[in-house]
Structures are given as structure tokens and as C-alpha cells.
Amino acid sequence: MLLSKQQRYVLDVLRRLGCARKNQLDALLKARFFPPEKAVPPGFLDAMLRQFRCGDVKVRRQGDVIFLPEKAPDARLLEAIDVMLELSGAVPSDFWAEAKGAVLLRFSVAGRRISLFAVLHAGDLIGPDARSPPAVSRAERVVVLLSGGGPPPALSIPNTVFYALRQKDGSHRFFAREGN
């Protein structure tokens, strides 16, 4: 099946991440292929998904979540993608989901210099199901997703650690501990 640049890009995003919400894919498509003043046409992604189903490309959809059949959607990863889009202005230089360990997602943002980020979920760092300490490089900024409730976990890593708390409108509030 011949694919357009946009279709190849959507498949590449899904292969890297495993899953994404429709609005997340729309944001990435807009940043990559459309001028800033122009929105992604309504139905653009839906038409693309229909074309995938008509061809031999296996892509599934549950509500607003789009994913590859071999990878189940993960709510924590979807929130990590939201954080990536907020911090990068929907224009990450590179990104990929991590299959093992406490890190959910890694991404980079190009500017005057490249900034590297690792996104973790607080639930993976504390409690009975705690995973091993995150393997992060010294250059990465660590963003810990908080699920509300208790205080943020203290991490014994030398990196700059930010915490992200989801607000009612879906955006995140970012903060750091004192002395970080």
C-alpha cells in the first residue's frame, strides 16, 4: 500500500509510542505538516484511519485512543504524551516510549540547545508495586507525573526533577521541590 508522508508519519508515531489520543496525533500532524495559522482539517485523521483499514495496515481505535493491535493503550503513557506536547509546544525533536523500567517516555526538544526529558509516573516509584530506580542520564530532566493525593516522591538522582499535576482542563501544572 502506498502511503502519503502524513500516513507514514502517523504510523511512525504509533510504532514509537504504541498508542496516542486523536488530539495528540492532530497536534503532532499540525506541527509537522501545517502552517501555524492553519488547523488540521476536520476528519483528516479519520479519513487516514479508514484508508489504513482498507489497506493492510492494522490500526485499532477505542474511543479517542488509536493504537497498534500488538500494543495495548496505557493511560499513564497517554498522560506522558500530553506532558511532552505541552513542554515541547507539540514539536518534539525526537521521542520514544520505553518498554521496561520506570521511564514511560523520553523526548528531546531543540532550541538554542537540545533539552532531554524522561517522563515517569509517581505510582511506579512508590508503594508495593515500585519499580527499580529510574535509569536516566545526567543530561535528562526528569518529569514525574503525579496522580494527586500525597506528597511527591523524593528521588535520589542528581537530575533536575519536575513534577506534573493534571488540572481539570487537561493541562498540567509543573513545579519542583525546593533545593532541586
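Counting just the residues of segment 31-60 that are outside any loop (DSSP other than H, G, I, E, B), touching a residue at least 24 places away in the same chain (Cβ under 8 Å) and of a type in the set (A, V, I, L, M), which one comes out surrounded by the most Cβ atoms within 10 Å (Cβ to Cβ)? For segment 31-60, the residue satisfying everything is Met48. With respect to Gly63, determine if the residue is free of Cβ contacts under 8 Å to residues at least 24 places away in the same chain and on the phi > 0 side of the Ramachandran plot. Criteria met by Gly63.
Within segment 80-97, being under 20 Å from Ala135 (Cα atoms) and under 10 Å from the mean Cα position of the chain (by Cα) holds for Ala80, Ile81, Val83, Met84, Phe95, Trp96, Ala97.
Only one entry of Leu105, Leu120, Leu77, Leu87 meets the criterion of being assigned to a strand (DSSP E or B) and out of contact with any helix residue (DSSP H, G or I) (no Cβ under 6 Å at 6 or more places or on another chain), and that entry is Leu120.
A Cβ distance below 9 Å, combined with a sequence gap of six or more or placement on separate chains, defines the contacts here; from segment 2-16, residues that are outside any helix (DSSP H, G or I) reach residues that are modelled with pLDDT under 95 and of a type in the set (Phe, Trp, Tyr) in the pairs Leu3/Phe52. Out of Arg141, Arg177, one residue alone is among the charged types (D, E, K, R) and modelled with pLDDT of 85 or more. It is Arg141.
The values are calculated or read from the model by the stated rules, or taken from the named source; none is laboratory data. Given the structure is predicted, the values throughout are model-derived calculations rather than measurements. Neighbour counts run over all protein chains shown; Cβ positions are idealised from the backbone, glycine included.
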